[in-house]
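**Student:** Supplied in structure tokens, the structure appears directly below.
The values are calculated or read from the model by the stated rules, or taken from the named source; none is laboratory data. On a predicted model such as this, the values are computed, not experimentally measured, just so you know. Virtual Cβ from ideal backbone geometry, glycine too; neighbours counted across all protein chains shown.
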Amino acid sequence: MRFIVATRDYSGLGFAIRLQDEGHDVVLATNPSEADRTPERLANYNRVGDGMLRKEPLCQLFDKRREYRDVYWIWDHNHSVEENETIRAEGFKVLGGGRYANTMEHDRSACLEHARSYGLLSPPFHRFEDTSTAIHFCKQHRRTAYVYKPDEGANFETFVPESEDSMDANEEMRLYLASIEPASAFILQERKEGIETNVEVWFDRGEPIFAFMSLESKRRCALDLGELVGCAFDFAFVIPLTCRAVTESVGKLFPAYEKMRYTGFGDANFIASRDGVWFFEKCERFGYNAHPNLLFNLSRQPVAEVFASFIGGSFKPKFSGGFGATVLMSTKANSTGAKPILFPKRLWPDIYWWDVYKKGDLFLTAGYDREGYVLIVNGFGYTIQTAWENVMKKASQIYFPYRQYRPDGAGTDFPSSPLRRWQALGAMGYI
């Protein structure tokens, strides 16, 4: 089979390499953002994936797309919307991306209103154009804790106060607002107590066919310290479409997906609390760790077979029980790159490559990713604890300068402990 993996930030590099390893013809179609087109950024951007697979600018492939009508086009996340919508309209085989998914991820107000119209309610929120007005608002509501989110932009730009006390968290938010200069409007959303999780359902022409849950931790450092990253580590496991975690979250949106005859991923990030489910956001795309976790650790089919059958309408879920585990391995932020990566060759199938290139026999960090992301390590276990032991054993054998990764995924002494959240969701009857 032939695949084109369209990428903006190389988050789909690992899938492209896996498809190539499975024996298929793969092109990584690159389309850097405006911020990455500066000379100093573009040099590092362009060397990601060098020596590992074929790369070509998305614009060139798009212009000669008639030569690729039999190809499966995979969008690794929401970007290049016009190109995506054009080839969809022309009958190409496409998975991921598109205007709807892009709106759900990047236009928070539209996303929250869409969810609300189907009865999936979010915590009360307020939109602001400037920080001074927001600070004044917080002072007027000192007893309420808020979460900061850009109205348009990446989810990792979210700021969550760490103080448990609501008044302290409110003050923490005011200090944060005083320290930033947002590039666009933002919202302050009431912080709700409960168990946060993410549920994703796969749809085929509007019909729900499969669901899984991802429990992730987003802080870079152990014990939930440090800045928010896309995903520091996570656990993935299959759940029934009929379970409460589905029916009270994404399940409420089933009529919308049926009306669109939607094929792709439909998710909901929410908090399960004593007073019901509180919806936060959607990322209708390949996620940071969740999909490598699902497709590398739990799938009993090759990745190419999953993609092709999903696009073609013949997909039948074949995932194992147990738990997939991943951990992000990173180097220091704003690294210059060109640092060697040493690993046993037997671990190759368990590595999801991100910010890497090959020169001769050497694998090197590219230095493109500002946060220092390098790769994701994958593992499996029949329990959360054994899955984590498996992934830690592998991570300990991968070396590069200034390597960092969280060692506490199976711990219970930090707020986002997946083990405790899994136990709580079970006790509350959600899974």
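**Student:** TYR288 - would you say it is closer than 19 Å to MET52 by Cα and of a type in the set (Ser, Thr, Tyr)?
**Tutor:** no
**Student:** Additional query: Restricting attention to the range 253-299, report how many residues are modelled with pLDDT of 95 or more, charged (D, E, K, R) and buried (at least 19 other Cβ atoms within 10 Å of the Cβ).
**Tutor:** Within the range 253-299, residues that are modelled with pLDDT of 95 or more, charged (D, E, K, R) and buried (at least 19 other Cβ atoms within 10 Å of the Cβ) number 1.
**Student:** Any residue at all in the range 271-279 that is touching a residue at least 12 places away in the same chain (Cβ under 8 Å) and under 26 Å from VAL5 (Cα atoms)?
**Tutor:** no
Residue-wise test of (1) among the acidic types (Asp, Glu); (2) touching a residue at least 60 places away in the same chain (Cβ under 8 Å); (3) buried (at least 23 other Cβ atoms within 10 Å of the Cβ); (4) assigned to a strand (DSSP E or B).
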| position | (1), (2), (3), (4) |
| --- | --- |
| GLN301 | no, no, no, no |
| GLU305 | yes, no, no, no |
| LEU328 | no, yes, yes, yes |
| ALA333 | no, no, no, no |
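**Student:** Report yes if some residue within the range 84-99 is buried (at least 19 other Cβ atoms within 10 Å of the Cβ), out of contact with any helix residue (DSSP H, G or I) (no Cβ under 9 Å at 6 or more places or on another chain) and closer than 22 Å to GLU157 by Cα; otherwise report no.
**Tutor:** There is no residue in the range 84-99 that is buried (at least 19 other Cβ atoms within 10 Å of the Cβ), out of contact with any helix residue (DSSP H, G or I) (no Cβ under 9 Å at 6 or more places or on another chain) and closer than 22 Å to GLU157 by Cα.
**Student:** If the requirement is being β-branched (Val, Ile, Thr) and either part of a helix (DSSP H, G or I) or touching a Phe, Trp or Tyr at 6+ places or on another chain (Cβ under 8 Å) (or both), which of these qualifies: THR144, THR133?
**Tutor:** THR133
**Student:** I'm trying to understand the selection: among the residues of the range 57-100, which are part of a helix (DSSP H, G or I) and at pLDDT below 95?
**Tutor:** Result: no residue meets the conditions.
**Student:** Sticking with this one: May I ask you to verify whether ALA6 is without any contact (Cβ under 8 Å) to a residue 24 or more places away in the chain, of a type in the set (Gly, Ala, Ser) and either within 28 Å of MET104 (Cα to Cα) or not assigned by TED's automatic domain parsing to the domain that holds LYS358 (or both)?
**Tutor:** Spelling it out, it is not the case that ALA6 is without any contact (Cβ under 8 Å) to a residue 24 or more places away in the chain, of a type in the set (Gly, Ala, Ser) and either within 28 Å of MET104 (Cα to Cα) or not assigned by TED's automatic domain parsing to the domain that holds LYS358 (or both).
**Student:** Under the condition of being among the hydroxyl-bearing types (Ser, Thr, Tyr) and surrounded by 16 or more Cβ atoms within 10 Å (Cβ to Cβ), which residue from the range 355-385 is farthest from GLY12 (Cα to Cα)?
**Tutor:** THR365
**Student:** Mind telling me which of the residues ALA183, ALA236, ALA232 ends up being outside any strand (DSSP E or B) and of a type in the set (A, V, I, L, M)?
**Tutor:** None of the others qualify; the one that does is ALA183.
**Student:** Which pairs turn up if I take residues in the range 101-127 that are modelled with pLDDT of 90 or more and look for partners that are acidic (Asp, Glu) and not in a loop (DSSP other than H, G, I, E, B) with beta carbon separation below 6 Å, at least 6 apart in sequence or on another chain?
**Tutor:** Cβ pairs passing all conditions: PRO123/GLU190; PRO124/GLU190.
**Student:** On the basis of being under 19 Å from VAL356 (Cα atoms) and assigned to a strand (DSSP E or B), does VAL26 make the cut?
**Tutor:** yes
**Student:** How do the pairs read when you match residues in the range 69-91 that are within 17 Å of VAL303 (Cβ to Cβ) with residues anywhere that are aliphatic (A, V, I, L, M) and in a helix (DSSP H, G or I), using Cβ under 8 Å and keeping only pairs 6 or more apart or on different chains?
**Tutor:** Close Cβ pairs (under 8 Å, with a partner that is aliphatic (A, V, I, L, M) and in a helix (DSSP H, G or I)) amount to TYR72/ALA308; TYR72/ILE311; TRP73/ILE87.
**Student:** Within the range 1-26, how many residues are surrounded by fewer than 21 Cβ atoms within 10 Å (Cβ to Cβ) and among the hydrophobic types (A, V, I, L, M, F, W, C)?
**Tutor:** Residues in the range 1-26 being surrounded by fewer than 21 Cβ atoms within 10 Å (Cβ to Cβ) and among the hydrophobic types (A, V, I, L, M, F, W, C): 1 in total.
**Student:** Sticking with this structure for a sec: Return yes when PHE137 is surrounded by fewer than 19 Cβ atoms within 10 Å (Cβ to Cβ) and aromatic (Phe, Trp, Tyr) and no when it is not.
**Tutor:** Yes, satisfied.
**Student:** Assess whether SER335 counts as being of a type in the set (Gly, Ala, Ser) and either within 23 Å of HIS291 (Cβ to Cβ) or out of contact with any strand residue (DSSP E or B) (no Cβ under 9 Å at 6 or more places or on another chain) (or both).
**Tutor:** no
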